[in-house]
Amino acid sequence: MAQVVTSQRGPVTGTATAKKKRRPFLLDLYSTSVGKKYVMGATGIMMMGFVLFHMIGNLKMYLGASHLNEYAKFLENLLVPIAPEGVVLWILRGGLITALALHLHAAFSLTVLNRKARPVKYQSARDYQVANFASRTMRLSGLVVLAFIFWHLSDLTFGGVNSETGKMIMENGHEMKDVYGAVVYSFNRVPVALFYVVANILLGIHLFHGAWSIFQSFGWNNPRFNSWRRGFATGFAALIVVGNVSFPIAVMAGIVK
């Protein structure tokens with residue numbers, strides 16, 4: 001008779017591994033360099049829009065105290081009575097702060113990724129020929145602009161370094177904050193005015209490279225449009241610098257007082 005050979009199965013030593021939980025699509029995208037560039041571009045557009053409209057609104061300073069104060073009151077009363085006074089303005093500020101935080105995190109993360117991809121530093125000045133001055137000073141200008149934002153908030157929003165910020169006056173039969181008086185007081189301090197000038201020049205450099213890079217971040221970098229991109233970046237940065245720098249200079253020159 002033929003013998004039936006049976007084999008005994010040994011003990012199972014391995015354990016089944018559970019599938020990893022898939023991350024949400026946006027987080028998964030953000031973990032890539034492409035996703036971080038998208039975030040840099042989107043948040044950059046948001047902040048460019050804010051800087052532009054903030055500068056345009058501040059031009060009311062040249063129309064007189066009542067115009068600037070009424071504009072500030074208008075911002076405080078956005079969607080009143082649907083929302084309480086000041087709430088919508090703080091929601092917008094919160095959105096801008098979130099955009100700034102995401103912008104900074106994406107920039108830092110991309111820097112780390114780039115250093116890992118290129119562990120050897122550039123060896124000579126010739127290696128910088130593909131980069132312009134604005135791109136090579138993005139970190140410096142970004143840090144100065146960040147310090148300027150904190151100072152600007154403390155100076156003309158919270159009043160930590162400006163005793164005139166938040167003072168109330170009667171204007172056209174209505175009580176409102178004397179924003180005009182706070183601005184004049186701030187820029188009458190020469191070191192503060194000079195800091196605003198320098199910070200806004202660096203902001204312009206940062207905006208020039210940022211406005212140029214936005215198109216690359218979204219893949220809109222066809223060489224046929226490079227001259228148009230450069231013109232847009234130059235014009236936008238120049239407009240912001242001229243407008244913002246004019247405010248402290250006008251106060252120091254006695255044009256606004």
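Only the coordinates and a few stated rules stand behind these numbers; no lab work does. Quantities reported herein were computed from a predicted structural model and do not represent experimental measurements. A quick note on method: Cβ atoms are made from the backbone with ideal geometry, for glycine too, and the neighbour counts reach across all protein chains shown.
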Could you count how many Lys pairs in the chain have their Cα atoms under 29 Å apart, skipping same-chain pairs fewer than 8 positions apart?
-> 21
Say we join alpha carbon atoms closer than 10 Å with springs in a Gaussian network model of the chain; which of Arg139, Arg115, Arg93 then has the biggest fluctuation?
-> Arg115
Label-point separation (nm) for Leu143 and Phe50, each offset 7 Å from Cα along Cα-to-Cβ?
-> 2.2 nm
Round to a whole angstrom and tell me the spacing of the C-alpha centers of segment 196-233 and segment 140-187.
-> 29 Å
Ordered by fewest other Cβ atoms within 10 Å, a rough proxy for footprinting exposure, Lys73, Lys21 read Lys21, Lys73
Looking at the chain, do any whole DSSP H helices span at least 15 angstrom along their long axis by alpha carbon and average -0.5 or above on Kyte-Doolittle, and which?
-> 33-58, 65-76, 87-117, 138-156, 190-217, 226-252
Stokes-Einstein D for segment 163-257 (20 °C, 1.002 mPa s, Kirkwood Rh from Cα pairs), in µm²/s, comes to 137 µm²/s
Roughly speaking, what is the stretch gain from Thr157 to Ile82, that is 0.36 nm per residue apart minus the C-alpha to C-alpha distance, in nm to one decimal?
-> 24.6 nm
For the chain, convex hull volume per residue from C-alpha positions, Å³ | 280 Å³
Could you work out which residue, out of Pro24, Pro223, Pro84, moves most in a Gaussian network model of the chain, that is, has the largest mean-square fluctuation with Cα springs under 10 Å?
-> Pro24
Per the C-alpha gyration tensor (a ≥ b ≥ c, the square roots of its eigenvalues), segment 38-110 is rounded if a/c is under 1.5, else prolate if a/b beats b/c, else oblate; here it's oblate
When the chain is treated as a Gaussian network with springs between alpha carbons less than 10 Å apart, the largest mean-square fluctuation among Leu68, Leu113, Leu202 is found at Leu113
